[in-house]
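What follows is a set of notes on a single structure, which appears directly below.
Where a number appears in this text, it was derived from the coordinates with a stated rule and is not lab data. The structure presented is a predicted model; accordingly, all values stated were derived computationally and were not measured. Every residue, glycine among them, receives a Cβ derived from its backbone with ideal geometry; neighbour counts consider all protein chains shown.
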Amino acid sequence: MKSPEEGRKQAAKLAASVYAYASHIDELEKLGNAVEQIAHAHVNTRVIAEQYPVIGECLLAAMKDILGDAATPEVMEAWTEAYNSLADIFITREKEIYRQQDKKMQAKLK
């Protein structure tokens, strides 16, 4: 279990990732290295696809609280779409990494 300090650091990293994604929504190729690093970190900590909806729900609820009246349905819908798209990018890449690791492990066992 993470300490409160680790939790705060992780929340800050998540917010920074979502902000970077939103800032480069029309030029996602600029995020390639960051996506790769984060995906490998997720695999190293055994993040799985099923965790993304839970994290997204918490993130979007926090954003709604922070934005207050500015969190119109349209704004929240846009952020939901952005988060889901970013999550899909990570899920796809992380599945590839897990498959590569599985192939390496199977090759070692032969």
For this session: State all residues of the range 34-64 that are in contact with a helix residue (DSSP H, G or I) (Cβ under 9 Å, 6 or more places away or on another chain) and among the basic types (Lys, Arg); if no residue qualifies, say none.
Result: Lys64
For this session: Would you please name the residue that is surrounded by the most Cβ atoms within 10 Å (Cβ to Cβ), looking only at residues in the range 86-103 that are in contact (Cβ under 8 Å) with a residue 24 or more places away in the chain and more than 17 Å from Thr45 (Cβ to Cβ)?
Result: Leu86
Exercise. What residue, among those in the range 18-75 that are in a helix (DSSP H, G or I) and basic (Lys, Arg), is surrounded by the most Cβ atoms within 10 Å (Cβ to Cβ)?
Worked result: Lys64
For this session: Taking only the range 1-22 into account, find how many residues are free of Cβ contacts under 8 Å to residues at least 24 places away in the same chain, within 18 Å of Leu60 (Cβ to Cβ) and among the hydroxyl-bearing types (Ser, Thr, Tyr).
Result: 1
